[in-house]
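Enquirer: One structure, pasted below without further comment.
What follows is calculated from the coordinates using simple rules that are stated; it is not laboratory data. Source: prediction; values computed, not measured. Cβ coordinates were reconstructed from backbone atoms using ideal geometry, including for glycine residues, and neighbour counts include every protein chain displayed.
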Amino acid sequence: MTKDEISAQIKFLNAKVVDLENQIEAFDSAIEQNQYKNHKEAELKISGRYECIANEECEGSYNRGADEYMQQYQIEGEASIFEAFMKVEYNRHDKTYYYVDGFTYSSAVIA
């Protein structure tokens with residue numbers, strides 16, 4: 001195998017990894033995967049998930065996550081659909097490395 005062929009395979013596989021990561025995100029974000037017993041459980045699970053994502057997106061210099069994350073969810077036995085909002089506050093050190101400095105969680109009925 002030549003260097004160009006190996007590079008082409010790496011490029012293809014990297015694109016496949018991105019596609020699969022997007023599929024996982026879509027699966028995790030689907031309302032069917034976000035059914036909770038009560039609002040407290042929803043808050044703990046959703047805020048924990050997005051705090052981890054925000055932290056991961058801060059890796060490396062000049063990187064930071066989104067300012068706000070949103071997730072629809074339902075409470076078991078209820079017909080209403082809720083939307084959780086997580087507003088993230090970032091800070092940085094050495095003027096280049098961002099980190100999660102805090103967040104605010106709220107939710108509202110949308111349907």
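Enquirer: About the Cα centre of the chain, what is the dipole size in debye to 20, counting +1 per Lys and Arg Cβ and -1 per Asp and Glu Cβ, all else neutral?
Expert: 180
Enquirer: Let me ask something else about it. Pop the C-beta distance of HIS93 and ASP67 into the FRET formula with R0 = 30 Å and round what comes out to the nearest 0.05.
Expert: Computed FRET efficiency for HIS93 and ASP67: 0.95.
Enquirer: Sticking with this structure for a sec: I need the P(r) histogram for the stretch 1-103: all alpha carbon pairs, bin width 10 Å from 0 out to the longest distance, whole percents.
Expert: 13, 32, 27, 18, 7, 2
Enquirer: Tell me what the chain gives for mean residue ellipticity at 222 nm when only DSSP H runs of n ≥ 4 count, each as -39,500 (n - 2.57), the sum divided by the residue total, rounded to 500 deg cm²/dmol.
Expert: Calculated mean residue ellipticity at 222 nm is -14500 deg cm²/dmol.
Enquirer: Ok, one more. Can you run phi through the Karplus equation (6.51, -1.76, 1.60; θ = phi - 60°) for the stretch 63-77 and list ³J(HN,Hα) in whole Hz, with x for Gly and Pro?
Expert: 9, 8, x, 6, 6, 8, 10, 10, 8, 7, 8, 10, 9, 3, x
Enquirer: Can I ask one more? Output wanted: per-residue J couplings in Hz (rounded whole) for the stretch 97-111, from phi through Karplus 6.51 cos²θ - 1.76 cosθ + 1.60, θ = phi - 60°, x for Gly and Pro.
Expert: 9, 7, 8, 6, 9, x, 7, 10, 10, 8, 8, 8, 6, 10, 7
Enquirer: For the residues ILE53, ILE110, ILE46, what sequence is obtained by ranking on other C-beta atoms within 10 Å, fewest first?
Expert: Ordered from fewest to most neighbouring Cβ atoms within 10 Å, ILE53, ILE110, ILE46 come out as ILE110, ILE53, ILE46.
Enquirer: Same structure, new question: When a footprinting reagent is the concern and you count Cβ atoms within 10 Å, what order do MET70, MET1, MET86 take, fewest first?
Expert: Least crowded to most crowded, the residues run MET1, MET70, MET86.
Enquirer: Label ALA111 and VAL18 with points 7 Å out from Cα along Cα→Cβ: what is the distance between them in nm?
Expert: 3.1
Enquirer: Within the stretch 1-100, report the GluC sites (Glu not before Pro) that DSSP leaves as loop and that have at most 15 other Cβ atoms within 10 Å.
Expert: Loop-located and lightly packed - GLU59, GLU76, GLU78.
Enquirer: Evaluate E = 1/(1 + (r/R0)^6) for SER80 and PHE27, where r is the Cβ-Cβ distance and R0 equals 25 Å; express this FRET efficiency to the nearest 0.05.
Expert: Approximately 0.65, to the nearest 0.05.
Enquirer: For TYR90, which sequence-distant residues (separation of 5 or more, or a different chain) have an amide H within less than 5 Å of its own amide H, given hydrogens modelled in the peptide plane?
Expert: Placed amide hydrogens put ASP101 under 5 Å from TYR90.
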